[in-house]
Structures are given as structure tokens and as C-alpha cells.
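So the structure is just underneath, and the comments pick up after that.
What follows is calculated from the coordinates using simple rules that are stated; it is not laboratory data. As the structure is a prediction and not an experimental result, all values here were calculated from the model. Every residue, glycine among them, receives a Cβ derived from its backbone with ideal geometry; neighbour counts consider all protein chains shown.
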Amino acid sequence: MSVEKDLDLGRETWRLFRIMSEFVDGFETMSGVGPGVSVFGSARTPSDNPYYEQAVECGRRLVENHFTVITGGGPGIMEAANMGAYQAGGKSVGLNITLPTEQKPNRYQTHELTFRYFFARKVMFVKYSHAFICFPGGFGTMDECFEALTLIQTLKIAPFPILLIGHEFWDGLIDWIKNVMLERHANIGPHDLELFHVTDDVAEAVDIVTRCYAKELSMGPKQPTIPQAASQTTAEGTRIGIDPKRRKLGDGIDDLPSPRK
């Protein structure tokens, strides 16, 4: 092996330690913040936008209901939610990401982490959140929202509320999901439309989160029975599941429930 290849291999090996360090820092910090709710939305939302004002209210109401507010730590909706939590005297977490442009950390964070890797950051959002509240946003907001929907749909994580704020923003997308994704192509099942709830009322959204956390309310379709071995939760907050090779070879698990139809 050439010296150049040795150096490349060494760099890749050390990269693993860098990735591990992000998980270690994240787990150590987030394990002590208490029950969290992640609030997503555009970094480009100005402070005079009605959604910004609603996000401030959302952060405040979550703290009043004894939740920690978790955001991406940037400006716009993230800043607003952190501000509401901070001004209410609660825990206000920012999971910042290093980007070439746009990411400017807001000053309303009581707990601040910075990630190089989106995938490590996403683990923290999912593992330490009891709900996602999504305000209008761009690709990043859609990414977080649909990743959570995918994890819940495929039973990879236990279900939690996903609240979408703003009918005027979300209804066009929901219509497309119904008319094209479901009815025209059958790429999802009818019950998948129960995995989220759209509302214009922040108070309603926080009330749903609070009642679901207290197990007074459940969102989404009825969960199938999952074998105990498959339902065990891993350190990153997802279910172990079943190895596809075991299913292929048979192992007494052929009758396991498939994702909802």
C-alpha cells in the first residue's frame, strides 16, 4: 500500500472519532434537558411575520407546560421559538450546524451544541423530542418533517405528534399527498394521513403535545403488535427491528406486521 493510501486511510479512521465526538457531546448535553419538543421552520422568516410571533408564543407555551424547546439554533422561526422559551425562563436548546452561509446562532439558547454532520444532529432531534412542531419553512423543515413521518410510518420509532402550523402554507402540500401520492400512485396508505395534524392555532398544537405526553390522547392510526425483540429501543432512540436476512431465511417471523397499507 502506498504512503498516500496509508494517509487517506488514517484520515478516514480519524473522521470516525470526529463523528463519535459529536454523538458523545450531544448525548451528554441532551440527556439532562428533560422532555423536549422540537420546533422547525424557516431561518428566513422575519421578526414582523405572523408566524414568527406564533413561534414565540409556541416556545412560551411549551415551557409553561414543562417542556424543553429544541430548535436548530438559527434565526427566523428557530430564533422565535428559542426566544419564547428563554423569556419564559425555560430550557432553550439550539442544535446548530456549521454551514457555508445562513447559519447565525440566535442569542436565546440556554444549551448550545454545534454539529458538522446533519445525520448526528438529526439523531438528537428524534431521540430527545416528544413531538415535532413544524412552522412554514424550506427544504430543511421538509427534511425533518418527512424523516419523522418516515420513521413513524415504518415503525422504526414509537409514534409522537407531528403538528404542522398554518393551513395556508401546508394545505397545498397535503392535497398533493392525498391526490397524487395516495390516490393516483398508492405510494402511501390512507392511515398515513393520520400521522400529522394541521392547525392554525398554536394553543391547540401545544395542548395536543401535552395531552399525548400525559397519555390522555394518542395521534395516528392504531399501532400493530410488534415482537418484543424487534421493539427494543436502541441508544439512538430507534427500534431495533428485524434483520432483513432473518426474514428472508425465515426464522419464525413471517407473520410480522408490515408497514401500514
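In region 1-143, Rg over Rh equals 1.08, where Rg is the alpha-carbon radius of gyration and Rh the Kirkwood radius from pairwise Cα distances. Label separation (Ala186 vs Glu168): 3.9 nm, computed from points 7 Å beyond Cα along the C-beta direction.
A helix-only calculation puts the chain at -13500 deg cm²/dmol for mean residue ellipticity at 222 nm, using -39500 (n - 2.57) for each DSSP H run of at least four residues, averaged over all residues. Applying both filters, DSSP loop and at most 15 other Cβ atoms within 10 Å, to the GluC sites (Glu not before Pro) of region 188-228 gives Glu216.
Cross-link check: pairs Lys104/Lys156; Lys156/Lys222; Lys127/Lys215; Lys122/Lys245; Lys156/Lys245 evaluated at a Cα-Cα cut-off of 21 Å; pairs beyond the cut-off: Lys104/Lys156; Lys122/Lys245. Amide H contacts for Gly36 (H built 1.01 Å from N in the peptide plane; partners 5 or more residues away or on another chain; cut-off under 5 Å): Thr68, His130. Distance between the C-alpha centres of region 198-243 and region 42-113: 24 Å, rounded to the whole angstrom. The order of Ile242, Ile97, Ile70, going from fewest to most other C-beta atoms within 10 Å of their C-beta, is Ile242, Ile97, Ile70. Considered as an equivalent ellipsoid built on the Cα gyration tensor, region 180-235 has semi-axes of 23, 23, 9 Å, the largest given first.
Using θ = phi - 60° in the Karplus curve 6.51 cos²θ - 1.76 cosθ + 1.60, the 3J(HN,Hα) couplings for region 195-204 round to 7, 9, 9, 9, 8, 9, 10, 4, 4, 5 Hz; x is entered for Gly and Pro. Fewest neighbouring Cβ atoms within 10 Å first, the residues Met30, Met78 line up as Met30, Met78. Loop-located trypsin sites (Lys or Arg not before Pro) across region 129-197 with a Cβ neighbour count of 16 or fewer within 10 Å are Lys156, with loop assigned by DSSP.
Compared with the alpha-carbon gap, the fully stretched path from Glu57 to Thr110 is longer by 17.3 nm at 0.36 nm per residue.
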